Amino acid sequence: MATKALERRVHRATVTSKGQVTLPKALRDRLRLESGSVVEFVEEGETVTLQPARRRRRSFAEAIGTLEPPEGMTAEEYISDMRHEPGDREILQSGPGVKKITYIEDLLK
């Protein structure tokens, strides 16, 4: 299988006294960069490559720490409530398979 050759495009910009560079609009559009976008500069010898930064995925512990169930609700109830219609939660939790209630604090230990 033949690989398609990458098209080389050269864009110029001037570095300001504060070390800032304005990316040419054509480049911003092609990379879908807008105000507030984060970019990475990757150095390889004398070459510097600019690329859109990839969003870092949060770990489970970081993500679970952002959940704040309403007062009196367990983490399991809150997650179930988000996944199912409110009436379904009671049916799902009343079955014989429900034996343990998980609290957020227990997940972070």
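Consider region 40-90 and keep the residues that are among the aliphatic types (A, V, I, L, M) and in contact with a helix residue (DSSP H, G or I) (Cβ under 7 Å, 6 or more places away or on another chain). The one that is modelled with the highest pLDDT is Ala75.
When region 14-31 is filtered for residues that are under 13 Å from Leu50 (Cα atoms) and not in a helix (DSSP H, G or I), the ones remaining, listed by number, are Val21, Thr22, Leu23, Pro24, Leu31. In the set (1) outside any helix (DSSP H, G or I); (2) modelled with pLDDT of 70 or more, the condition left unmet by Val98 is number (2).
The values are calculated or read from the model by the stated rules, or taken from the named source; none is laboratory data. All values reported here derive from a predicted model rather than from experimental measurement. Cβ atoms come from the backbone with ideal geometry, glycine included; neighbour counts cover every protein chain shown.
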